[in-house]
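The values are calculated or read from the model by the stated rules, or taken from the named source; none is laboratory data. Source: prediction; values computed, not measured. We place every Cβ from the backbone using ideal geometry, glycine too, and count neighbours over all the protein chains shown.
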Amino acid sequence: MWLLLLLLGLTQAADERLVLRNGSNPCAGVPQVYYVDKWGFVGSSSLTDKEKSVACRSALCGDLQHSEELLRPHGNPSWMNQLQCQGDEQQLQKCNFSQWTMTASAPPTTSKITCSRETPETLTSDL
C-alpha cells in the first residue's frame, strides 16, 4: 500500500514540475510549470518578489538575487493564475492561486529571475 502512495506522490510531483528556462544556467530564467502535459508560464499577472523567491526555492536554486521583466513569448499558456505567496513557502504549488486554469491571453510581460545558486541542489542518499 505504501508503494502505491509513494508512486501516486511521485506522479503528482512529476505532473507539476517547475523549471527556469532561457537563462544563463539552470537556476536563472523564466519560471515555467508543467501541468497536464503542457508547459506554461507561472501566473497570469506580474510576479512579486515573494513569488519569485518561492520559485527559486521550488527549483532548488536558493534565494532570489535579481529579476527583470521581459516580453512574454506567444504560444505557451499561463498556469496557477492569481498566484499569491506569503514568501516562506518551499514550493510554488503551496502558494495560494485561484486554480490550475489555462489562460491563453496573458499580459505581455513575464519575469526572468536569477537565483543564488547556478545549479539546483540535489538530494543525496547515504545508502
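Scanning region 75-94 for residues that are out of contact with any helix residue (DSSP H, G or I) (no Cβ under 9 Å at 6 or more places or on another chain) and closer than 18 Å to residue 37 by Cα, we see that the one that is surrounded by the fewest Cβ atoms within 10 Å (Cβ to Cβ) is 75.
Entry remark, region 67-84: residues being closer than 22 Å to residue 24 by Cα and not in a loop (DSSP other than H, G, I, E, B) number 5 in total.
Within region 64-81, being out of contact with any strand residue (DSSP E or B) (no Cβ under 6 Å at 6 or more places or on another chain) and on the phi > 0 side of the Ramachandran plot holds for one residue alone: 75. Return yes when residue 88 is part of a loop (DSSP other than H, G, I, E, B), at pLDDT 85 or above, of a type outside the set (A, V, I, L, M) and more than 16 Å from residue 17 (Cα to Cα) and no when it is not. It is true that residue 88 is part of a loop (DSSP other than H, G, I, E, B), at pLDDT 85 or above, of a type outside the set (A, V, I, L, M) and more than 16 Å from residue 17 (Cα to Cα).
Taking the numbered list (1) outside any loop (DSSP other than H, G, I, E, B); (2) of a type in the set (Val, Ile, Thr); (3) surrounded by fewer than 18 Cβ atoms within 10 Å (Cβ to Cβ) in turn, residue 113 passes all entries but (3).
I want to confirm something. Restricting to region 34-74 and keeping residues that are buried (at least 18 other Cβ atoms within 10 Å of the Cβ) and among the β-branched types (Val, Ile, Thr), which single residue is modelled with the lowest pLDDT? Among those that are buried (at least 18 other Cβ atoms within 10 Å of the Cβ) and among the β-branched types (Val, Ile, Thr), it is 42.
Across region 95-105, the qualifying residues are those that are surrounded by 13 or more Cβ atoms within 10 Å (Cβ to Cβ) and at pLDDT 75 or above, and the one among them that is farthest from residue 51 (Cα to Cα) is 100.
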